[in-house]
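The values are calculated or read from the model by the stated rules, or taken from the named source; none is laboratory data. Since the model is a prediction, treat every value here as computed from it, not as a measurement. Note that each Cβ is placed from the backbone with ideal geometry, even for glycine, and that neighbours are counted across all protein chains shown. Areas reflect the complete protein model, heavy atoms only, side chains present, ligands, DNA and RNA absent. Shrake-Rupley method; radii C 1.70, N 1.55, O 1.52, S 1.80 Å.
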Amino acid sequence: MAGEVAAAEVTGVKHLSSAEAAAEEEKLRLLREAVHALPVNAVKDLWSIGACVRCIFRLFGLHELMCSHPSLSISKWCDILEDVMRKKDGEFNEQSHQERSRETNFCKICLGILQFLYYDDTGTLLKKYSADDFAVVISEPVKQQYQQIDSFSLEVSLPSAVTENDQAVWLYMKNKYRHELWFQEKAECQFISTKDILKLLVINPLQRLLGVKSTQSSFRVRLTYSHSDALSRDDVQEGNGGNKRRKTGMLSYKAGFTGDLKTTGESVTPHVESFDSHIVDGDGLTKVCPKEAQDISCNNLMAQLDKVGKPCSLTIHCCRSSTYIGGRYLKYSRNVSQTRWVIDDERMGEASVEEIIGGAILPIFQGDNYKFHAAGREDIDVRMLGTGRPFLVEIQNARQVPSEALIKEIEKKINSLESQYVKVKNLRAVGSQGWDLMREGEAEKQKQYTALVWISRPVSDEDLQTISSLTELKVAQKTPIRVLHRRSPLEREKTIHWMQVERVSGSSQYLLLHLCTQAGTYIKEFVHGDFGRTQPSIGSILGCRTEILQLDVTDVKMDCFQEE
């Protein structure tokens, strides 16, 4: 397999100061002392079943020492292990040379994950020899695509075969060494999962390369390891009624995903979901501790480890949580819908508010897509005037986060469009709390309208007085006929808070109706009555036929996105 490796990079030699060299030498001395305490027979045993040197170190609880040397190549780890073991057992040298070639193959326990051996998206087999080298691979897509990040979180998804291997090895070691003092004192309580070791190995180098801390962040770096053999086995298990893993997050995770790495300050601790096969110790690391089960022999262990015969495929995916831009929009056209409207492949209207605003914002943010959200909606033939309607544009996976000044430039750009269909005001970046601002008081919000109304007889002064005198008028509205095809047939009670009426000069049968209503009131139906489905209506109050000719929304009374 070594001949297949396309990119094998050896860690470069660093020129250290005398103080740095002394500190590094002290770390290596502590490492050798820790390795010296390992039981030779158990190390030989693990090496013989195909464990890589990093798996051997983690299985004996040396994860802290291992993670403190991210620049050491895997061959250096082998040298340290062999050197110490040779001094303790003269026979170890011959065996180790025979088994050393395993480091050019893949580890049967971690499936090459801790060897940084993997297939990339093109199917090319790659190998990195140190945690520093592997961190460079992870950091490259981040630096290429995202210019502004202030923190990140690292997520890892592994095939279930890796967890199964961890469990099998633990049972094997427990069966064989449970009576030995070293196992009772150390290994049983410090057996750390492959996933957590991978996170701990790369997190500090990745922080240095990106120049930001790892913490709970809106920017996520996800390593997804997959394996065709492992996935096929999972499918068979699920088809036979086995456990099904819940899919969470923005992508369909591969089998075996159990959590995200969380960090707090300088302390790095993986955050995991606790299954029956794991316990989470006080330090937050996942300890592989299967439920009390049958012992496992060497033959059974090898049968488990031989189920998968090649390294995993690795996909590195970076994603930022949704970014929100809020404001208020005004719509001046009676032929522009709020969102894109297509019926039988035919476009309705000249444009949409959604496309005009979102189309101007998305290219600046360099996101994957956007969603448009508004506090209610007006019909395509209704203008939105006055203070405007609150809205949010949700940009998915934004690669740029514009400054406040640039957002103001976006506002100017929209407002200077030649069509002049739509304008925006009070545009600003908001966090996810923008949703709270939009929903706050939404059910109780009031809206003001101006309607041009025709009545079937001349308007009298008594008509004007009758309408204007009505306040807090309760109206029962059945679902309008025009929207029955897409709304439930319900009856809703709404309130008309006040109304004012003025004549239209030059005509005795037209009037301008100004009214303030509870959110959700169907204004058109309140005017003409909808064949008696709205009671009372302007028509029933005046005792004649009434029709609405034009309608404008003049105010949406909500506190969000007002002038600062």
### Query
Rounded to the nearest whole Å², what accessible area per residue is found for the stretch 100-155 with the 1.4 Å probe?
35 Å²
### Förster radius 51 Å - calculated FRET efficiency between residue 491 and residue 413, Cβ distance, rounded to 0.05
0.65
### Summary
Rounded to the angstrom and largest first, Cα extents along the principal axes for the stretch 363-445 equal 36, 33, 22
### Message
Suppose accessible area is computed on protein heavy atoms with a 1.4 Å probe; arrange 63, 514 from highest to lowest.
### Response
514, 63
### Message
For the stretch 310-418, take the convex hull of the Cα atoms, compute a quarter of its surface area, and give me that in nm², please.
### Response
10.1 nm²
### Summary
Cα-Cα longer than 22 Å, checked against 425/474; 447/474; 413/445; 108/195, kept in input order, equals 425/474; 413/445
### Message
Just the number: Rg to Rh for the stretch 470-510, Cα atoms, Kirkwood Rh, two decimals.
### Response
1.18
## Note on the structure
The extension gain from residue 406 to residue 208, computed as 0.36 nm times the residue separation minus the Cα-Cα distance, is 68.3 nm
### Query
How much length, in nm to one decimal, is gained on full extension between residue 37 and residue 79, taken as 0.36 nm per residue of separation minus their Cα-Cα distance?
13.5 nm
### Query
How much FRET efficiency would the formula 1/(1 + (r/R0)^6) give for residue 452 and residue 368, where r is the Cβ-Cβ distance and R0 is 35 Å, rounded to 0.05?
0.20
### Ordering of 204-212, 414-422, 398-406 by burial proxy (mean other Cβ atoms within 10 Å per residue, highest first)
204-212, 398-406, 414-422
### Message
When only alpha-carbon atoms are used, what values of Rg and Dmax, in angstrom, describe the stretch 428-564?
### Response
16.7, 54
### Query
Quick one: length gained pulling residue 335 to residue 507 fully straight, 0.36 nm per residue minus the C-alpha distance?
59.3 nm
### Query
Using a basic spin-label model with each label point 7 Å from the Cα along Cα→Cβ, how many nm lie between residue 343 and residue 462?
4.1 nm
### Task
Would you please put 503-513, 347-357, 425-435 in order of how densely packed they are, using the mean number of other Cβ atoms within 10 angstrom per residue and starting with the highest?
347-357, 425-435, 503-513
### Query
Within the P(r) computed for the stretch 405-474, what percentage of the Cα pairs occupies the region above 19 Å?
67 percent
### Summary
So, relative contact order of the stretch 303-436 in percent, Cα under 8 Å, 6 or more apart, is 37 percent
### Task
Report the label-to-label distance for residue 471 and residue 420 in nanometres (one decimal), using points 7 Å from each Cα along the Cα→Cβ vector.
3.9 nm
### Query
Measuring from a point 7 Å past the Cα of residue 381 along Cα-to-C-beta, which residues in the stretch 518-555 have an amide N at less than 16 Å?
523-531, 546-553
